[in-house]
Amino acid sequence: MLRIDNLTVDHGAIRALHGVSFNVEKGQLAAVIGANGAGKTTLLRTLSGLNKASEGQAHWNDHNILHSKPEKLVRHGITHVCEGKSVIPELTVSENLELGSLWRRNRSESAQSKREVLELFPRLGERLSQRADSLSGGERQMLALGRSIMSKPELLLLDEPSLGLAPLVIEQIFQAIRDLTTAKGLTVILVEQNAMGALKIADVGIVLNLGSIAASGSAAALKDDPAVRAAYLGF
Amino acid sequence: MFELINTLLIGITAGSIYSLMAISIVLVWRSTRVVNFAAGGLALASSFVGAAILEKTGSFWIALPLAMVAGAIFSAFIEYFFLRPLLKRSGDQGAEIFLPIIATLGLLGIIKTILNYIYGDRIGALPPPLPDKGFVVSGESIALSPMRLLILGIVLLLMISLTLIFQRTNLGLSLRASSFAPEISRLAGIRVDFIRTVGWAISGAAGATAGILQTTNGSGSVSPESFEFSLLLVFGFVAAVIGGIESLVGAVLGGLTLGIILAIILMYVGGSLVFIAAFLILILVLLLRPQGIIGAKGGRRA
C-alpha cells in the first residue's frame, strides 16, 4: 500500500505541492488529474526520488521512500515512466528494454520479462534491432511501458502516457495499462491531462488543483460528480 | 613513392596514439559533459608510474598494464573526489559551463606541479621495448619498425576491446545509456554515478596508454614539462573534435586523419608549421563540418 502524508514540495520559492495526503491500496489503479501546473508531475517525480520533498512522508509497503535515489527505489519495486515517451533514441528497441532489467542481474528472469513485454506489444518484437528514434509515437510509449515492466515493478508511476498520441493509440495504451494492472497485480498511479480517459480505466481518482487535493474518491463517482465535471473535465 | 608510403606509415602510427588520447577525452565528455584538460596530466603521471615500474622490473610488458591501472585509478579518483562534488555544488548559476573547464585546467597545473616537486629535473625513461629500426623492403629501409608495429597492434587491440565492451556487455549498455539519458537510466535502475566513475577510469587507462606509447615512439623519456605531452593533449583534443566529440569511432578517424595530414606537412612543408596546421584543421572542421566526421546531422549537442 502507498501512504502519502502531508507531502509538500518546493521548487525554489514556488510551492508545487502543499500538504498532499492520500492512500492507494495494493492492486489499485489511481488516476491523478488536474490542470497544467497542478503539481501532478511533481508528485510522481517526488515519489520516484527525482525531486526532494520539503515536508511530509511517503511510504510504500511501510518503507519510507522519500530521500532515496531513483536507482535505489527501482530495487524496491517503484518504477517511474516520465512524461513524453521516455525512451533513449540512440539505443535500439532491444537495448531500451534490456536497460530496465540490468539491475536484476538475472538473465533468465530478464528474458522471461522480455517475452512478456513482446507478447503484450508484438509491434516492438518486429523492431527489436531498430533504433528507438525510428519508432512512431505510440510505439515509443509502448517501449517506455515495456522498459518499466522489465524492471519488475510493483508500484508503477506513469506520467501522461497519452501525451501527443492519436485517439485510437491512446485507447490501446490505456487498455494495456488496465490489463497490466489487473494481470500483474500492480499498483499504478496514472497522471493524466486526459481526465475522462484516465478515470474510465482507474479504480480511484484524485483531483489536484494548485498543489492541493481538490477532490478524491472512486473513479466512477468522480466521473459523475457534477462539480468535478464542470471544473476539471470540461463539460 | 617510398617517401609517400613512409610518410603515411609515420602519420598512421602517430595518429593512432592521438586516437587513444581522443578516446580518453571523448569518454569523459560523454559520461559527464566535462572537457577534460587534466587528461594530459593524467597521461603524464601514469607514464611516470610506467617508467618507475620499468626501472624496477625491467619489463615493458609489466609496466604498460600497471600504468593503465594507475591511470584508471588516478582518473576515477579525480572524478569521485574532485569533479563530482564540484558539479553537484555548482547547480544552475550560469557558471556551470565554465566551471569544469577551469577545474580541469587547474588540475592539469596541479598535477604538473606535483610531478615537478617529486621528480624535479629527473626524467622517467621509457625506451622502445622493440627495435625501432625499420624493416628492409627490397633494399630500402621503410618507416615500419617492429616498435611501430607494436604500437599499431596495441592501439588496435584496445579499440577492439573497447568496442566489444561498449556494444556487447551490460556495462557498455549502462555506459552508453547513462551518457545519452542519465535521468531515464536512473529510473531504469542504473547506478549512474558509479557508471560515470567507470567511464572516467576507462578514459584514464586509455590516456595512460597514449602517454606511454607517445613517449616510446618519441624521445623515450618523460619529464614534468614534456613538450611531447603538450602536443599529445592538443592533438588529442583536435582529433576528438574532428571526430565529432561524441563518438569513439569518430575519435579514431579524427586521430588518424590528423596524424596523416601532420606527417605530410612535416615531410613536404616544414616542421615549424605542424602546430599551426593542427589548429588550422580544427578551425576548418568547425567551419565546414561542425558536427565532426561522425556526428548527428542536427549539429553539435550541448
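The values are calculated or read from the model by the stated rules, or taken from the named source; none is laboratory data. Everything numeric in this text was worked out from a predicted model, so none of it was measured. As a convention, Cβ positions derive from the backbone with ideal geometry for all residues, glycine included, and neighbour counts pool all protein chains shown. We work out accessible area using only protein heavy atoms, side chains counted, and drop any ligands, DNA or RNA first. Shrake-Rupley method; radii C 1.70, N 1.55, O 1.52, S 1.80 Å.
What the table below lists for this structure:
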| quantity | calculated |
| --- | --- |
| Spatial extent of the range B:44-122: Rg and Dmax, with the Cα atoms as the point set, Å | 15.9, 52 |
| Ranked packing of B:266-278, A:193-205, B:151-163, most packed first, by mean Cβ within 10 Å | A:193-205, B:151-163, B:266-278 |
| Cα convex hull volume per residue for the range B:2-288 (Å³) | 142 Å³ |
| For the protein assembly as shown, accessible area per residue (1.4 Å probe, heavy atoms of protein chains only), Å² | 44 Å² |
| Approximate spin-label separation A:ARG105-A:GLU25, in nm, with each point projected 7 Å along Cα-to-Cβ | 3.8 nm |
| Average other protein chain Cβ within 10 Å of Cβ, residues B:175-185 | 5 |
| Derived scalar couplings ³J(HN,Hα) [the range A:215-232; Karplus, 6.51 cos²θ - 1.76 cosθ + 1.60; whole Hz; x for Gly, Pro] | 7, 7, x, 5, 4, 5, 5, 4, 4, 9, 6, x, 5, 5, 4, 5, 7, 10 |
| Among B:GLY207, B:PRO131, B:VAL249 the positive-end extreme of the charge dipole of chain B (Cβ point charges) | B:VAL249 |
| Amide H partners (placed H, <5 Å) of A:LEU29, local residues excluded | A:VAL188, A:ASP203, A:VAL204 |
| Under the Karplus curve 6.51 cos²θ - 1.76 cosθ + 1.60, θ = phi - 60°, whole-Hz ³J(HN,Hα) for the range B:166-181, x wherever Gly or Pro sits | 6, 8, 10, 10, 5, 4, x, 4, 4, 4, 5, 4, 5, 7, 6, 8 |
| Cβ neighbours within 10 Å from other chains - mean over A:98-105 | 5 |
| Helical segments meeting 18 Å axial Cα length and Kyte-Doolittle -1.0 threshold in chain A (DSSP H) | A:137-150, A:167-184 |
| Value of relative contact order over chain B, rounded to a whole percent, pairs C-alpha under 8 Å and six or more apart | 35 percent |
| Largest-first principal axis extents of the Cα set of the range A:82-134 (Å) | 28, 22, 20 |
| Cα convex hull of the protein assembly as shown, projected area averaged across orientations, nm² | 29.2 nm² |
| Peptide ranges B:38-49, B:133-144, A:179-190 listed from the most packed, as the mean C-beta count within 10 angstrom indicates | B:38-49, A:179-190, B:133-144 |
| Computed E for B:ALA125/A:GLN112 - FRET, C-beta separation, R0 45 angstrom, nearest 0.05 | 0.20 |
| Cross-link partners of A:LYS26 among aspartates and glutamates (Cα-Cα below 15 Å; sequence separation of 8 or more within a chain) | A:ASP62, A:GLU154, A:ASP203 |
| Helical mean residue ellipticity (222 nm; -39500 (n - 2.57) per DSSP H run of 4+; nearest 500) of the protein assembly as shown | -18500 deg cm²/dmol |
| Computed over the range A:164-235, the ratio Rg/Rh where both radii use C-alpha atoms and Rh is Kirkwood | 0.97 |
| With 5 Å bins from 0: P(r) over the range B:29-90, alpha-carbon pairs, percent | 4, 18, 23, 20, 13, 10, 7, 4, 1, 0 |
| For the range A:97-235, average projected area of the Cα convex hull in nm² | 9.4 nm² |
| Test item: B:268-274 mean partner chain Cβ contacts at 10 Å | 0 |
